[in-house]
Amino acid sequence: SLGVAVEESGTERKRKANTPMQDIRPCRIVGLASAKGRRLNGTAARAPFVSNARPDKRVSVLVEGQPSPLSLKRSNVEFLPKSILDGGVGVGRETIRDAAFNATAVDNMRAELVAPKQQITGPYAGRCLGNLMAALAHLNSFRARGDEGVVIMCTDLNVSRAIDILVAKGKGDYDVRNEPSFGPASSPLQQALISIQKCIIKEQKRSPDVFIMANYRPHRVDPDGFQSDLRRGGERYKSVISGHFAIYPCLDKGQWDSMEMRYVDTSSSSSSAVAVRHEIYLDYGPEEAALYIRNAAALDEINRIDPQILAQVDPQAFWAAVLHIQTILPAVEAIDDADLLAQWKTVRDGTNRSRRAWKRVADGTAIRLPPAIQSGDIARPTWSEILKTDVDHERVASGCANIALLMMLDILEEDDDKVRSAVASAKPSIDLLDSHKGLEIASLARAIEAAKRRDYDHITNDGNCSDEKRAGFMRLSLEEAEYGNGIFVPEDPLQRCQACKKVTDHLKICSKCNGVAYCGTECARSCWKAHKKYCRPSFAHIRRSVLYLASKYDFVVEPLASTTSYAPAQVGMISEVSGGGSCGILWNPEPGELSVITLTGHGELPNPSNAIKFRSMSDLDPPVRFLLACGPLGNINVARGCVDEVVAMTGGKLDKLRMKVVLFTPLEWAAKKGNADIVEWLCTDDRTRSLVREGCPVGWACYTGQEGIARRLVAFGADATRTDDVLFFNCPPLLVAAENGQLEAMKYLVDELGHDIHVVGPSGRNVIDSITCSPNWNEIEGHRRSYEWAKSRMR
């Protein structure tokens, strides 16, 4: 983990070395002779590549549009040739409120455009037409670029299937009479499909062996890849029909053309028995969602639009259908399949459950949102009318993200047998995409996760967890997430003027953040200096979320006093030096603001790539969090909150845990920084008391003049004579105290513990040399007094 010296076990390294890695490659199905099989010929797939494999050897093949792998002979799998145009397709828009889309055809291998970007407008603007236009550009260009063939990575599964059907038909290897059809012959969709067919026929006549294939990839922002789609498909569907999900505009500014999803996954195959998943998909609008259903039916692939299967094979289309359920139901009804319609109506019922749960939380938080979204009717709004500006988008997306997270928490605690049993069987986890880890919502997610894990630990150990305990765990977790000053407020900040504290019916709400209210302009101006650093919607929404949690768990919300004597209340630099190197901490205590840790060995230049960046303590790996909490940030609540995780991660060898480069143990760092409460706890807790015998905590206490802490450490059994390389290259404790002019510590070591006043360190310095090593030592009172005392004792 970042910043912590933790070794991987030999057993784990051996296991990884002996685990075979499969080479999974794109391919297509060929040569199937049965009536059912001929329908698959030409279909894109993925299979393990084995060179020189026997033709009759069977392999597991994941076929495009199929929910589970097929067992096929190696002779029925054709892999891509080496020299081929890897054609990427991109269809998107700047924000979800924009009507125009851009279609892009990219050579993925050469990282360049195959054709100029094409803008799509009008009633057919969307994913399907964009994919057809980009595919046509690839087919028209691959010969000129000197490639043997082309594989087009479509983001629309219907387009991918249609192209592969046309390729298979041209080779006489597909048993269907009708051509693929996407609407009326006069529509831009069908005209583009006809142009694609002409290109394919032309290339096949020119060279019968030309390789042309379309391949589908989910158009998503979630980085987990296609395999996670397959694993999670069933849980997506179950979460939707249960109402255990939420969909809302994406919060990350770089992905404002997308929608975010939160849903509860109770799959037993997950690493945790229950997880709150986080995914992002592009939304192309209600018309495109209905078009997808009609196009799949036109291809005679009705099985694929079964919602359970669609959630696996095309997650983007599934979430779009859920979001726009009222629009796609008529398209499903037109297929005239009663069972299929019944399943989609079950999905509709789940969206109604989700809507009611959303409204309950939205009303409870009183986060200010447009009425349609506040009511949970998120499927029907016209985004161009609601999100008119970037400011609108940021405010709405931030509020929605908070409501969704709190809604998932309610689901984890509801009276549902499966959810309840899943939560009781393993520690819950909350997913967070990388693009969101720097946002303020990340700390709230980590706090909720920490609280639920504490609930689980208490249930595991004691058999139950009382409401009082749950409340305490939630409050503690929020404190550890740095949600204290500024966030913990005793009442709704919109109920009284933030300046004069008057309660009136005519308060004016801050138009920028919607988080505070004032009597008028004068009060607002008088508070602006204090309010300026908190004036953002995301902060106001977090504050309301904390108030909601306080009401839900019935704990008192009041401003927190600092729990540490060393962590600065304002932005500042903390510098730590040892025999190992230096550690610099640019500390910013404001919630959501960036802090940075740099670690530099002696004789090395600072390396920015080694920096550890975090916006709250909960962002840090547990070992780093524990070390910083014990040492420079001095927060005993944070240290206590993660000690069990650290013990588990170190295999119970907490005495071996040290901060990288500076190499402080938790107890050494606590002693050096004068954190008496943390020293007392570390020396008395069964999980941490072994630290007393590790390193040189007495030496570091004396180095910074913490004579009282040194006494407590000796009382707990610490060796006051011990030194090592970390304590400035085996310098005796008496000499490190002398270098800093720490007279009381020196007196304690010599007069009470009997240390030799004439001791000489590895560098040849004695006590007098150590005191006077600083050029201006005689200008510092502590050094002058230490010099006089040492002179008198050495006579």
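The values are calculated or read from the model by the stated rules, or taken from the named source; none is laboratory data. Note that this is a predicted model, so its numbers are computed, not measured. Positions of Cβ are backbone-derived with ideal geometry, glycine not excepted, and every protein chain shown enters the neighbour counts. Note: accessible area is taken over every heavy atom of the protein model, side chains too, but ligands, DNA and RNA are not part of it. Shrake-Rupley method; radii C 1.70, N 1.55, O 1.52, S 1.80 Å.
Placing a label point 7 Å from the Cα of L341 along the Cα-to-Cβ direction, the residues of segment 283-303 whose backbone N falls under 20 Å of that point are 290-303. Short-range pairs are left out: with C-alpha atoms under 8 Å and at least six residues apart, the relative contact order of the chain is 8 percent. Farthest towards the positive end of the charge dipole of the chain, among the residues I757, G170, Q498, is the Cα of G170, using unit charges on the Cβ of Lys, Arg, Asp and Glu. Taking +1 at the Cβ of each Lys and Arg and -1 at the Cβ of each Asp and Glu, which of L412, F729, A111 sits farthest along the dipole of the chain towards its positive end, judged by Cα position relative to the Cα centre? Value: A111. Between D719 and D462, the FRET efficiency estimated from the beta carbon spacing at R0 = 35 angstrom works out to 0.40. Where only DSSP H runs of four or more residues are counted, the chain gives -13000 deg cm²/dmol as its mean residue ellipticity at 222 nm, each run worth -39500 (n - 2.57).
Once you order the gyration tensor axes a ≥ b ≥ c over the Cα atoms, which shape class does segment 712-771 get: rounded for a/c under 1.5, otherwise prolate or oblate by comparing a/b with b/c? Here segment 712-771 falls in the oblate category. Here the ratio of the Cα radius of gyration of segment 49-133 to 2.2 N^0.38 Å is 1.56.
Which FRET efficiency, nearest 0.05, do A33 and E385 yield, Cβ-Cβ r, R0 60 Å? It would help to have the intermediate numbers written out before the result.
Working: r = 55 Å, r/R0 = 0.92.
Once the sixth-power term is evaluated, E becomes 0.60.
Identify all lysines with a Cα-Cα distance to K202 below 24 Å; exclude those on the same chain that are fewer than 8 residues away in sequence. Hits, sequence-local ones excluded: K82, K169, K171. Values of log10 I(q)/I(0) for segment 588-707 across q = 0.22 Å⁻¹ run -1.32, by the Debye formula with one identical scatterer at each alpha carbon and no solvent. Between Q308 and I780, the C-beta separation translates, for a Förster distance of 56 Å, into a calculated FRET efficiency of about 0.15.
Give the lysines reachable from K653 as a straight Cα distance under 19 Å; neighbours fewer than 8 places away on the same chain don't count. Counting by Cα, and skipping residues close in sequence, K653 has no lysines nearby. Per residue, the chain exposes 43 Å² of solvent-accessible protein surface, assessed with a 1.4 angstrom probe and all protein chains in place. Compared with the direct C-alpha span, the chain from S51 to Q495 gains 152.7 nm at full extension, assuming 0.36 nm per residue. For the pair S68 and K653, label points projected 7 Å from Cα toward Cβ lie 4.5 nm apart. Label-to-label distance for D751 and K117 is 7.7 nm, based on points extended 7 Å past Cα in the beta-carbon direction. Once both labels are positioned 7 Å from their Cα atoms along Cα-to-Cβ, the gap between E593 and K253 label points is 1.8 nm.
The gain in end-to-end length when the S60 to M109 segment is fully stretched comes to 14.9 nm, 0.36 nm per residue minus the alpha carbon separation.
What is the magnitude of the charge dipole of the chain about its Cα centre, with +1 placed on the Cβ of each Lys and Arg, -1 on the Cβ of each Asp and Glu, and no other charges, expressed in debye to the nearest 20?
On the way: 100 positive and 100 negative charges, 275 e Å.
So the magnitude is around 1320 debye.
Using a probe radius of 1.4 angstrom, the carbon and sulfur fraction of the accessible surface of segment 269-415 is 45%.
Solvent-accessible area assigned to carbon and sulfur over segment 636-795 amounts to 45 percent, based on a 1.4 Å probe.
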